[in-house]
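Asker: Sharing a structure below in structure tokens format, with a few things to ask.
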Amino acid sequence: MPFEQISEALWGTSLERTLVARHQAMDDKARTWLNRHPEDRCAFIELPCGLATRSRRLASSCPGQPVSWIEADLPAMMDARQKLLGSSPRVQSIPVNALEWEGRTGLARLADAIQARHLCVTMEGLLNYLGIDGIRQALAMQRKMLDYTGQDLTLIADIWPDLRHQPLGPMRHIPARILKTLTGSEAGLLGKSADEIRGWFIEAGFEAVTLYTLDGEVCQSLDMTPAPWCILVEAYAKAGVR
């Protein structure tokens with residue numbers, strides 16, 4: 001019996017369905033942010049972009065909106081992206097390491113490209129690969145970019161929580177351990193409570209942090225039925241305010 005069918009039987013969903021729902025939920029959050037700033041100078045950054053086309057799709061749907069569109073990822077991924085997807089006339093492509101500030105691929109290079117009053121970063125499918133220390137570093141780098149540009153920042157990210165205390169929760173770690181081995185990363189399920197996850201962002205200097213289910217409902221606690229495979233985090237910060 002394939003793993004996807006086992007997941008459907010045990011949890012009522014599957015990894016494939018969850019990934020699609022995550023992408024759609026993040027699209028919805030991005031559109032909501034854009035609708036809040038219809039005439040303001042904004043910058044929208046897809047970091048990491050992988051082979052996704054969120055920035056390009058949103059740019060096409062907002063032809064008259066004064067938005068700087070940026071897609072960013074590690075150099076090797078940006079090279080692969082160029083070969084497979086080509087370039088976009090409205091979207092700037094920048095090779096960047098989300099965990100570094102200085103250097104040829106540091107976030108400072110990305111920050112220098114931002115000319116906007118409001119900044120939104122979507123960080124899809126990254127944080128759970130980093131481990132908790134890596135998450136803290138990535139969030140600190142986002143806060144540093146905000147303070148450098150002197151704007152306000154809305155960060156939209158996803159977290160796959162560690163719900164081993166829930167029924168059948170330990171079984172969710174099986175694919176995570178396989179992924180960790182295959183990628184040689186710190187991939188794993190992280191965050192045993194909503195307060196713990198929220199705390200990572202607050203420690204980094206974000207002022208308002210809200211967790212959502214992939215259905216768009218505010219998630220105050222992870223102790224729900226069915227337990228969420230993945231949640232979205234929307235975090236807001238303003239330069240100079242901590």
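Values in this text are rule-based calculations from the coordinates and carry no lab data. Just so we're clear, the structure is a prediction, and the values are computed from it rather than from any experiment. Because the Cβ atoms are built from the backbone with ideal geometry, glycine has one as well, and the counts that use them run over all protein chains shown.
Asker: Stretched out fully, how many nm does the piece from L74 to S193 gain, at 0.36 nm a residue minus the Cα gap? Intermediate results must be reported in sequence, preceding the final value.
Answerer: Numbers: separation 119, 0.36 × 119 = 42.84 nm, distance 3.06 nm.
Result for the pair: 39.8 nm of gain on full extension.
Asker: How far, in nm, would the chain grow between V20 and D112 when pulled straight, counting 0.36 nm per residue and subtracting the alpha carbon separation?
Answerer: 29.8 nm
Asker: Considering the options Q65, L47, W160, tell which one lies farthest towards the positive end of the dipole of the chain, charges being +1 on Lys and Arg and -1 on Asp and Glu at the Cβ, about the Cα centre.
Answerer: Q65
Asker: Now for a separate question. Net charge near A108, counting Lys/Arg +1 and Asp/Glu -1 over other residues with Cβ under 13 Å of its Cβ? If you can, show how the numbers build up before the last one.
Answerer: Details: positive: R104, R109, K144; negative: E100, E102, D112, D147.
Residues near A108 contribute -1 overall.
Asker: Then there's this: Where both residues lie in the chain, what percent of DSSP beta bridges are antiparallel, nearest 5? Display every interim value, and only then the final one.
Answerer: Details: 14 of 35 bridges.
Antiparallel bridges: around 40 percent, rounded to the nearest 5.
Asker: If you don't mind, another one. Which whole-number percent gives the relative contact order of the range 1-143, counting Cα pairs below 8 Å spaced six or more residues apart? Could the numbers behind the result be given before it?
Answerer: Numbers: 184 pairs, mean separation 35.8, N = 143.
For the range 1-143, the relative contact order is 25 percent.
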